[in-house]
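Structure first, then comments.
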Amino acid sequence: MSVLKIHFWGAAGCVTGSKFLVETPSDRILVDCGMFQGLKDMRKRNWEPWPQPPSGIHGVLITHGHLDHVGMLPRLVRDGFKGPICGTAPSLEVARIVLEDSAKIHEEEAERARAEGYSHHEVPLPLYTLEDVRATLALFEPVPKDHWENAGTHVEFCFRSNGHILGACFIEMRIADKHIVFSGDIGRPGDPLLDPPERPKQADVLLLESTYGNKNHPDIDIESSLQEHIHAVIAEGGACIIPSFAVERLQTVMYLLWKLVRANKIPNLPIYVDSPMGENVLDLFERFPHWHKLPMEDYRQMRRQINVITEYRDTWKAIDDRRPKVVVAGSGMLSGGRVLTYLSQLLDRPTTRILLVGYQAEGTRGRNLLEGAHELKIFGKYIPVAAKVIQLDSLSAHADQGELLDWISEITQPPEHIFLVHGEPTAQDALRVKLENEKGWLARIPGLMETIEINGSFL
């Protein structure tokens, strides 16, 4: 008997910063390498030294390309990692787009802080640079889904389609006599653009996300809800701002708006999609048609009809457009991106509606709005909140509690170990209780930086 170790370097007791180091007597494989987001104390962890030297890690597997799953890869590479970074082809392309955008934002914020003097540091530095990203991209190795691959002496892995975003997968691992499942972020059965998630059939060890472990999304007709809010904006002569994650939610919202216009359910008012990163991700739908269910003819018509903004000067033209309008812009939690420029100008107007369509992590501007903040700090200034704020949970890309239970429904033998990750404490505890009451499964909630030891037979 030898010991298998799982180190919970992120997404433990919190939603973001996904990092799980799997250690065998001969292998060290990192599953995801995500950035912490939200509260300042959590974000500061992105600057801390690695618990183990990156040079000693043999490989990285990524579940999907969101920033909280890949955002620290350039830092890992800069600090000495030289192994392969494996993911599905669309996941690696999404990661490339996300990381290049992230590096630009970090470089721009460091320069702005230096120029305007609002940093506590004498010389503000970016978390990483575009040069660091280029070094990271050189290590990307695409791996097809549904194929078992070797990741080390004792480690085999396989990617299984998981919905959520383009290319997203959960990861199955075979290590010695153990079958381990890393859920990643689980998508939803009724996603307008993606096929339902596949389900795992077995797991001796299960790391299960719990973002919405304490709630079920409302069962509403999302198109009718969007239609209602847009008609209200038209009547008020205002603007409907939909902050969206540039990967998947932006494309989904764009598709739903296009369907409403095509069906004459809303007038052909100005619809601005303002996200250079979102535009780049949209291109991937044409490159990877087998990873989604959007008909290519619909895709091309949508591209022709909706005004996609890429140049920053056109952002200001959209703001100055006095007609009732819809703006879809990144980022989804208001943590950066073009949406902040719109909010800096329109947040203090009662004719503005803000539709929040994704998860809002603790400490983000999006969460602050949901909790009734009377002002937001944007670009170093406080902007009063007069806009109406509405949450549309039914557009979330994350499985809710019922869908999480459905996702594990084909695992016939109870796992020996269940760890709830990617959730805030209240959501995790609710899911823990639900698993015990409905399935008789006992789950643990690991702490950040905790290490779990599991006995296994290594030949």
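The values are calculated or read from the model by the stated rules, or taken from the named source; none is laboratory data. Note that this is a predicted model, so its numbers are computed, not measured. All Cβ positions, even for glycine, are placed from backbone atoms using ideal geometry, and neighbour counts span all protein chains on display. To get the accessible areas, we keep the full protein, side chains included, count just its heavy atoms, and leave off ligands, DNA and RNA. Shrake-Rupley method; radii C 1.70, N 1.55, O 1.52, S 1.80 Å.
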Select from segment 383-453 those GluC sites (Glu not before Pro) which occupy a DSSP coil region and have at most 16 other Cβ atoms within 10 Å, ordered by residue number. GLU410, GLU416, GLU450
Please report, to two decimal places, log10 I(q)/I(0) for segment 282-398 at q = 0.18, 0.21 Å⁻¹ as given by the Debye formula with identical point scatterers on the Cα atoms and no solvent. -1.05, -1.26
Against the 2.2 N^0.38 Å scaling, with N counting residues, where does segment 1-158 land? I'd like the Cα-based Rg ratio to two decimal places. 1.07
Counting other C-beta atoms within 10 Å, and keeping those with at most 15, which DSSP coil trypsin sites (Lys or Arg not before Pro) do you find in segment 30-97? LYS82
Per-q log10 I(q)/I(0), segment 350-393, q = 0.18, 0.21, 0.28 Å⁻¹ (Debye; single scatterer per alpha-carbon; no solvent): -0.51, -0.69, -1.12
For segment 332-459, rounded, prolate or oblate, judged on the Cα gyration tensor with a ≥ b ≥ c (square roots of eigenvalues), a/c < 1.5 rounded, else prolate if a/b > b/c? prolate
Just the number, please: Stokes-Einstein D of segment 146-267 in µm²/s, Kirkwood Rh from C-alpha pairs, 20 °C, 1.002 mPa s. 124 µm²/s
Write down, largest first, the equivalent ellipsoid semi-axes of the chain in whole Å, where each equals the square root of 5 times an eigenvalue of the alpha-carbon gyration tensor. 36, 25, 21
Tell me the Kirkwood radius of segment 388-449: reciprocal of the mean inverse pair distance over distinct alpha-carbon atoms, in Å. 13.2 Å
Within 10 Å, count the other beta carbons around each residue, average over each peptide in 249-259, 278-288, and list them highest first. 249-259, 278-288
Listed by chain and number, the aspartates and glutamates with an alpha carbon less than 13 angstrom from that of LYS265, same-chain partners under 8 positions apart left out, are GLU223, GLU228
Would you work out the charge dipole size for the chain about its Cα centre, treating the Cβ of every Lys and Arg as +1 and the Cβ of every Asp and Glu as -1, and quote it to the nearest 20 debye? 920 debye
If you bin the C-alpha pair distances of segment 253-343 every 10 Å from 0, what whole percents do you get? 15, 46, 33, 6, 0
Restricting to DSSP H runs of at least four residues, report the calculated mean residue ellipticity at 222 nm for the chain, -39500 (n - 2.57) per run over all residues, nearest 500 deg cm²/dmol. -9500 deg cm²/dmol
What's the Kirkwood radius of segment 85-212 in Å, using all Cα pairs? 17.1 Å
Solvent-accessible area per residue for the chain at a 1.4 Å probe radius, Å²? 41 Å²
Rounded Å value of the spacing that divides the Cα centres of segment 317-339 and segment 32-57: 30 Å
Which one of THR426, ILE454, LEU442 has its Cα pushed farthest toward the positive end of the charge dipole of segment 417-459, where Lys and Arg give +1 and Asp and Glu give -1 at the Cβ? LEU442
Carbon + sulfur, % of accessible area of segment 303-432 - ligands and nucleic acids excluded, 1.4 Å: 46 percent
Dividing the alpha-carbon radius of gyration of segment 417-458 by 2.2 N^0.38 Å (N being the number of residues), what value is obtained? 1.31
Please report, to one decimal in angstroms, the Kirkwood hydrodynamic radius of segment 39-83 built from all distinct Cα-Cα pairs. 11.5 Å
Evaluated at q = 0.19, 0.35 Å⁻¹: base-10 log I(q)/I(0), Debye formula over Cα of segment 1-42: -0.58, -1.16
For segment 104-202, what % of the accessible area comes from carbon and sulfur atoms, probe 1.4 Å? 47 percent
Which value, in debye to the nearest 20, gives the size of the charge dipole of segment 181-264 about its Cα centre, when Lys and Arg are +1 and Asp and Glu are -1 at the Cβ? 80 debye
With +1 on each Lys and Arg Cβ and -1 on each Asp and Glu Cβ, how big is the dipole of segment 321-459 about its Cα centre, in debye rounded to the nearest 20? 1180 debye
